[in-house]
Amino acid sequence: MSRLTQVTNQDASPEAAELFGVIREKVGAAANVYRVLANQPAALKGLLSLNENLDEGDFDAATRDAIALAVAGANGCDYCASAHTAISKSLKVEAAEIEARLIGKSSEAKLQAILTFAVTVVKKRGFVSDDDLTLAREAGLDDAQIVETVANVVANIFTNYINHVAHTDIDFPVVLTKAA
């Protein structure tokens, strides 16, 4: 059971209700993580805005979702592992690849470089070394891709941490992380 209120449509403030409408238009329904964030509409709006802007980056939806899986696995966020497994399935990602991404692995070389760097950022709390950056560059990442990776990591840490604090009720088929 969630330790923070998962705001219902009926109990939503006018601003939260408006944001729920935006979410419904994009994905059909407001997931419980958004309902927790709706306790402070500015936080929900901030996350939605960050994700909307990241949608305009160079990474496609599958890459952003792969980062989300790797970050969820590194942080032991079962909610995000569950949500992003469902999203990956809808993007037609193979089950074995989804499982690999949860531990920061991929069969695709470029995506592997991105996930390795993303997990390094999480584990080192952003304090990556010169060697970490050199490895990322040698694997084919340029500065724009490094920045975009960090931005996606941050967006996912936000949801991981709110789910850790809230113990958000998982409203997707449950996937447990190895780190949990």
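What the table below lists for this structure:
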{"item": "Helices (runs of 4 or more DSSP H) contained in the range 54-121 and holding at least 2 residues in contact with a helix residue (DSSP H, G or I) (Cβ under 7 Å, 6 or more places away or on another chain), at pLDDT below 95 and over 26 Å from VAL165 (Cβ atoms)", "result": "none"}
{"item": "Odd one out for ALA96, checked against (1) more than 18 Å from LEU176 (Cα to Cα); (2) loosely packed, with under 13 Cβ neighbours inside 10 Å", "result": "(1)"}
{"item": "Residues of the range 165-180 satisfying the condition of being assigned to a helix (DSSP H, G or I) and surrounded by 15 or more Cβ atoms within 10 Å (Cβ to Cβ)", "result": "ALA166"}
{"item": "Pairs with Cβ under 8 Å, 6+ apart, first in the range 14-29 and in a helix (DSSP H, G or I) and at pLDDT 95 or above, second surrounded by 12 or more Cβ atoms within 10 Å (Cβ to Cβ) and aromatic (Phe, Trp, Tyr)", "result": "LEU19/TYR34; PHE20/TYR34; ILE23/TYR34"}
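Conditions tested, residue by residue: (1) of a type in the set (Phe, Trp, Tyr); (2) within 30 Å of LYS124 (Cβ to Cβ); (3) touching a Leu at 6+ places or on another chain (Cβ under 6 Å).
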| site | (1), (2), (3) |
| --- | --- |
| ALA17 | no, no, no |
| GLU25 | no, no, no |
| LEU48 | no, yes, no |
| ALA62 | no, yes, yes |
| CYS80 | no, yes, no |
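The values are calculated or read from the model by the stated rules, or taken from the named source; none is laboratory data. From a predicted model like this one, the values you see are computed outputs, not experimental measurements. Please note: Cβ atoms are built from the backbone with ideal geometry, for glycine as well, and neighbour counts cover all protein chains shown.
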